[in-house]
Amino acid sequence: MMTEKAKILIVDDNPNNRLAIRTILKGVDAQLQEAANGFDALTMALETNYALILLDVQMPEMDGYEVCEQLRADQRTADTPVIFLTAAYKENSDKMRGYTAGATDYLTKPLDDHILKAKVHVFLRLYSQYQQLQENNAALTLAASVFESQQGMMITDADNSIIRVNKAFTAMTGYSPEEAIGKNPGFLKSGRYDSDFYLGLWHSIEYSGTWQGEIWNRRKNGEIYPQWLTITSVKNNNGVVTHYIGTMTDISEYKTAEEQIRQLAFYDPLTGLPNRRLLLELLQHGIDSCSRDGKIMALMILGLDHFKPINDSLGHLAGDELLQQVAARLLDRLRNIDMLARLGGDEFTVLLENINHVDDASRVAENIIADFKQPFYLSLDPTRGIHIGVSIGISLYAQPGTTPAHLLDQADAALYKAKDNGRNCFAYFSEDLTLAARKRIELEARLRLVIEREELQVYYQAQVDIATDKIIGAEALIRWHPPIEGFTSPWQFINFAEKTGLITTIGAWILKETCRQGKQWLDAGLPPLVLAVNVSPYQFQHSDIITLVADVLKDSQFPAHYLELELTESGLMENQDKNLLILNELRQLGIHIAIDDFGTGYSSLAYLKHFPVSTLKIDKSFIDDIPYKQDDMAIAATIIAMGHMLGFKVLAEGVETPEQLAFLQEKGCDRYQGYIKSRPIPAQEFEQLLRTQQ
């Protein structure tokens, strides 16, 4: 016999919503029908047996609650499953009103495709099972053939004593027929329900002849499990109940799948911590509690300092293990009533409810920072300690009307402040941070647009051989047009790009453009130049600089020995062993390495001799006051002498006067750059300068 396809009714006054649901349920083995209002829905439901009704709550004229109440009032539709679709719950009472009206389940808009499809599949399966049960029950007798069903079956007499069970019952419960027959089915109770629940169950059987629903019972081994149970009364010709038939299906797998869906929806799969979605729900609960009880609540966002370099260098598996250890260490530090969540990436949140004073949050933050001073040990190398810090932004709930999203934004702004303050510290939100955060977001958006529109330009400043006064190279410098409000200097621009991580994209673009331009000049017959490109510490640590340089040289065909990378002294000293390996690989490509702004950082010439460096650049700050400051003159002379002793070429930055140039010539400096020769100028003007010299 061909089984008729199950039907699902979609009820929503908004045609776009109905179309969206149809799209999600495309491919579901069911016939989808639609109703645009409550009246049509009731008419269709009375004429058609639906497996499931997806019912919008907010509709004009007749809302979802009234529709559901009328469905439940009619015997033909009383048991049809109804899932309410609603945008939000204003109060718990709204949800209770829905269940009172007869709702089977709730889904919140915007709908999660996977959850909707999963629930629909479950109800279709249950509908299929229910249809099968109905067919079985219609023809049910005490014949033995009935007991060949794959579903557990139990027959009792009118006094509710078991007189027969089938093999599926035994397999499901663990009780043999001998152990079950003669007993009241109450011995299967799980203990989860009170007497009122069972009174309602028997009330339904008494008045409608049947009851069906999900119920938890207990197996012989003590395990509590869920089943879908249908109890039907059997009457004789006089209408007197002679037997009760119970048909049961183990739905443990469905419940497991349902829990898996919940885990995916509300928990981070890596750490097992609540995710952002669950955090927002718990934040709202905390806000409601604080508003009611007058308590203080603090929200912290924790950002791990220097996590990305570890993740990039050791690999994602090691990074994942480190995040798991961070989660475990934080859980050990917090109280049982505190809530820890993972926002994603290297950011965690801590929700402190029911604190008595603001200082309580400060103490927790201080303790967390102190905890992170202890190293982490990964399975990749259990003997090597990994050190990371943590920056913490804190927002407080104190003002009615604050939303979870506002608290998160405020804590995020405070986190930026903590990072700006030097990292490995904490900061509280204040109103001025909102303006700063907004400005930062606007600037970042503008900068991204500048990159996308290719409004960046490379300017070139001549580097000159002191002995011949000939241009032998140039430093590539970033400029932009039109002007960007908020950036008044290249230093501001680069500093902001580093904080946002955009420096990696910008740095790669400058390198490609400089090598392209250098190759073009060589092809045009201009004298060979060493072109120097700055590499920021962030780009050096957070990108595969070796692969980038190799690819750019290959694509541009620019000779490697004409390319020089400038790195800051302080940046090289941050992770000396790792940086030495990177520099050696870069030198093997054939390029040159220069130390920029020398004298402003470690100033360790003895250590620098271990690096494959070819040039030292004396920082402009030591040149500015020559010949007026004896200290600066002494420092510059010492750097030149020691640099030569260690085999480095020395270049002075910021040379602007003949007196400065004369001093450098006297001390044997090799090269210089500065306004005395040329300002940074566009490529076309720099080419003209070269041709004039030629």
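The values are calculated or read from the model by the stated rules, or taken from the named source; none is laboratory data. Treat the numbers as computed from the prediction; the structure is a model and nothing was measured. No Cβ is skipped: glycine too gets one built from the backbone with ideal geometry, and neighbour counts run over all protein chains shown.
Look at Ile676 and say whether it is within 20 Å of Ala467 (Cα to Cα), surrounded by 14 or more Cβ atoms within 10 Å (Cβ to Cβ) and in contact with a Ser or Thr (Cβ under 8 Å, 6 or more places away or on another chain). Give the derivation first.
On the way: within 20 Å of Ala467 (Cα to Cα): yes; surrounded by 14 or more Cβ atoms within 10 Å (Cβ to Cβ): yes; in contact with a Ser or Thr (Cβ under 8 Å, 6 or more places away or on another chain): yes.
Yes: the conditions hold for Ile676.
Can you find a residue in segment 336-343 that is of a type outside the set (Ser, Thr, Tyr), over 21 Å from Ile296 (Cα atoms) and not in a helix (DSSP H, G or I)? Yes, segment 336-343 contains a residue that is of a type outside the set (Ser, Thr, Tyr), over 21 Å from Ile296 (Cα atoms) and not in a helix (DSSP H, G or I). Restricting attention to segment 93-131 and to residues that are of a type in the set (Val, Ile, Thr) and outside any helix (DSSP H, G or I), the residue that is farthest from Phe266 (Cα to Cα) turns out to be Thr104. If you filter segment 208-233 down to residues that are in contact with a Leu (Cβ under 9 Å, 6 or more places away or on another chain) and among the basic types (Lys, Arg), you find that the one that is surrounded by the most Cβ atoms within 10 Å (Cβ to Cβ) is Arg218. Helices (runs of 4 or more DSSP H) fully within segment 581-694 that include at least 3 residues being among the hydrophobic types (A, V, I, L, M, F, W, C), touching a residue at least 40 places away in the same chain (Cβ under 8 Å) and closer than 30 Å to Trp480 by Cβ: 683-693.
The set of residues in segment 306-323 being surrounded by 13 or more Cβ atoms within 10 Å (Cβ to Cβ) and touching a residue at least 60 places away in the same chain (Cβ under 8 Å) consists of His306, Phe307, Lys308, Pro309, Ile310, Asp312, Leu314, Ala318, Leu322.
Out of Asp381, Asp359, one residue alone is loosely packed, with under 12 Cβ neighbours inside 10 Å, free of Cβ contacts under 8 Å to residues at least 24 places away in the same chain and assigned to a loop (DSSP other than H, G, I, E, B). It is Asp381.
Taking the conditions (1) at pLDDT below 90; (2) more than 32 Å from the chain's Cα centre (by Cα); (3) not acidic (Asp, Glu) in turn, Leu502 satisfies each one other than (2). Please determine, by comparing only the residues of segment 257-289 that are modelled with pLDDT of 80 or more and farther than 18 Å from Gly344 by Cα, which one is surrounded by the fewest Cβ atoms within 10 Å (Cβ to Cβ). Going through the qualifying residues, I end up with Asp288. Of the residues Leu380, Leu340, Leu331, the single one that is within 18 Å of the chain's Cα centre (by Cα) and under 22 Å from Leu270 (Cβ atoms) is Leu340. Somewhere in segment 616-636, is a residue in contact with a His (Cβ under 9 Å, 6 or more places away or on another chain) and either modelled with pLDDT of 95 or more or under 24 Å from Phe558 (Cβ atoms) (or both)? Checked against the condition, which is being in contact with a His (Cβ under 9 Å, 6 or more places away or on another chain) and either modelled with pLDDT of 95 or more or under 24 Å from Phe558 (Cβ atoms) (or both), segment 616-636 yields no hits at all.
Across segment 234-251, what is the total count of residues that are exposed (fewer than 12 other Cβ atoms within 10 Å of the Cβ) and either free of Cβ contacts under 8 Å to residues at least 60 places away in the same chain or aliphatic (A, V, I, L, M) (or both)?
Step one: filter segment 234-251 for residues exposed (fewer than 12 other Cβ atoms within 10 Å of the Cβ), giving 236-240, 242.
Keeping just the survivors that are either free of Cβ contacts under 8 Å to residues at least 60 places away in the same chain or aliphatic (A, V, I, L, M) (or both) gives 236-240.
Residues in segment 234-251 being exposed (fewer than 12 other Cβ atoms within 10 Å of the Cβ) and either free of Cβ contacts under 8 Å to residues at least 60 places away in the same chain or aliphatic (A, V, I, L, M) (or both): 5 in total.
Determine if segment 173-180 includes at least one residue that is charged (D, E, K, R) and in contact with a Leu (Cβ under 8 Å, 6 or more places away or on another chain). Walk me through how you get there before you give the answer.
In the first step, residues of segment 173-180 are kept if they are charged (D, E, K, R); the result is 178-179.
If we keep only those that are in contact with a Leu (Cβ under 8 Å, 6 or more places away or on another chain) too, we end up with none.
There is no residue in segment 173-180 that is charged (D, E, K, R) and in contact with a Leu (Cβ under 8 Å, 6 or more places away or on another chain).
Screening Ser161 with (1) polar (S, T, N, Q); (2) at pLDDT 90 or above; (3) in contact with a strand residue (DSSP E or B) (Cβ under 9 Å, 6 or more places away or on another chain) gives one miss only, at (3). Here Asp332 meets each of (1) surrounded by 14 or more Cβ atoms within 10 Å (Cβ to Cβ); (2) in a helix (DSSP H, G or I); (3) modelled with pLDDT of 90 or more with one exception, condition (1). Quick one: in segment 22-55, of everything that is of a type in the set (D, E, K, R) and in a helix (DSSP H, G or I), which residue is nearest to the chain's Cα centre (by Cα)? Ranking the qualifying residues of segment 22-55, first place goes to Arg22. One residue stands out among those in segment 214-246 that are more than 14 Å from Ile162 (Cβ to Cβ) and either among the hydroxyl-bearing types (Ser, Thr, Tyr) or not assigned by TED's automatic domain parsing to the domain that holds Thr173 (or both): the one that is farthest from the chain's Cα centre (by Cα), which is Thr242. Residues of segment 17-40 that are more than 16 Å from Leu116 (Cβ to Cβ) and out of contact with any helix residue (DSSP H, G or I) (no Cβ under 6 Å at 6 or more places or on another chain): Gln31, Gln33, Ala36, Asn37, Phe39, Asp40.
Within segment 25-47, which residues are in contact (Cβ under 8 Å) with a residue 60 or more places away in the chain and crowded, with 17+ Cβ neighbours inside 10 Å? Can you show your working first?
From segment 25-47, those in contact (Cβ under 8 Å) with a residue 60 or more places away in the chain are 25, 28-30; that's our starting set.
If the condition is that a residue be in contact (Cβ under 8 Å) with a residue 60 or more places away in the chain and crowded, with 17+ Cβ neighbours inside 10 Å, then Leu25, Ala30 are the ones that fit.
From the list Ala413, Ala405, Ala370, exactly one residue is in the same structural domain as Asp305 (by TED's automatic domain parsing) and either at pLDDT 90 or above or more than 22 Å from the chain's Cα centre (by Cα) (or both). Which is it? Answer to the selection: Ala370.
All conditions but one from (1) buried (at least 16 other Cβ atoms within 10 Å of the Cβ); (2) in a loop (DSSP other than H, G, I, E, B) apply to Ile8; the one that does not is (2). Scanning segment 150-204 for residues that are surrounded by fewer than 18 Cβ atoms within 10 Å (Cβ to Cβ) and polar (S, T, N, Q) yields Gln150, Asn160, Ser161, Thr170, Ser176, Asn184, Ser190, Ser195, Ser204. Scanning for something closer than 25 Å to Gln461 by Cα and acidic (Asp, Glu), does segment 579-586 turn up at least one residue? There is no residue in segment 579-586 that is closer than 25 Å to Gln461 by Cα and acidic (Asp, Glu).
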